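The values are calculated or read from the model by the stated rules, or taken from the named source; none is laboratory data. Please read all numbers here as calculations on a predicted model, not as lab measurements. All Cβ positions, even for glycine, are placed from backbone atoms using ideal geometry, and neighbour counts span all protein chains on display.
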Amino acid sequence: MKNLIGSIKHYCINNYESIAVAENVTSGCLQMLLGNVPNAGDYFQGGLTALGSDNLSSLLGIQSISCDNKTELNLSLTIDMAKAVAKKFNSEIGIAINGCNSYDDKFNPSYAAIVRFNKVIYAEKLLPRAQASSAVPIEYAQRIIYILGEKLLNKEEELAYTTADILEPLS
């Protein structure tokens, strides 16, 4: 994962592009991954993390997603969120991951979008693959990094699905 993030960083620097992130269900994991390389500020502008879709949407001045599983609307609003965070941070690439928090230790569907130059390059409803709910935020963040790398670099890197596999390369 660290090598993939390094490749994304070099791609962005070489192409004069930067990344901004808006996230809630990943609790800052995307920002932690993107910011965990030397001189991350050369390509990563930062982002917003707010628990609860309403808080994040309010910070970006867009409509909040609905928690009643209206997939098309929620995906569209997450795309709006990716565009808004890119604009707010003056970045060419905006990433948003958005969902409704659950109080029963299960994850409701979440939505992710990546925009580049205000055009959608990825948008999808996400369902967790991890067995443990505590691993879902990092799993989602890692999946989005993988997809970003695939879209920008046409590279593939195997995903880790256990918390130990995910966190080990970062140490």
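Quick one: which of Val115, Val120 is in contact with a strand residue (DSSP E or B) (Cβ under 7 Å, 6 or more places away or on another chain), modelled with pLDDT of 95 or more and either under 19 Å from Gln45 (Cβ atoms) or in a helix (DSSP H, G or I) (or both)?
Answer to the selection: Val115.
Do we find that Val25 is touching a Lys or Arg at 6+ places or on another chain (Cβ under 7 Å) and not aromatic (Phe, Trp, Tyr) in this structure?
Considered against the rule, which asks whether it is touching a Lys or Arg at 6+ places or on another chain (Cβ under 7 Å) and not aromatic (Phe, Trp, Tyr), Val25 comes out as no.
Is it true that Glu150 is modelled with pLDDT of 80 or more, more than 21 Å from Gln45 (Cβ to Cβ), within 16 Å of the chain's Cα centre (by Cα) and charged (D, E, K, R)?
When the stated conditions are applied, Glu150 passes them.
Name the strands (runs of 3 or more DSSP E) wholly within segment 11-110 that hold at least 3 residues that are modelled with pLDDT of 80 or more, surrounded by 23 or more Cβ atoms within 10 Å (Cβ to Cβ) and touching a helix residue (DSSP H, G or I) at 6+ places or on another chain (Cβ under 7 Å)?
Answer list for segment 11-110: 19-23, 93-99.
Checking Ile138 against (1) surrounded by fewer than 18 Cβ atoms within 10 Å (Cβ to Cβ); (2) out of contact with any strand residue (DSSP E or B) (no Cβ under 9 Å at 6 or more places or on another chain); (3) at pLDDT 85 or above: exactly one of these is not met. Which one?
Just one mismatch for Ile138, condition (1).
Looking only at residues in segment 118-135 that are surrounded by fewer than 18 Cβ atoms within 10 Å (Cβ to Cβ) and free of Cβ contacts under 8 Å to residues at least 24 places away in the same chain, which one is farthest from Val25 (Cα to Cα)?
It comes out as Lys119.
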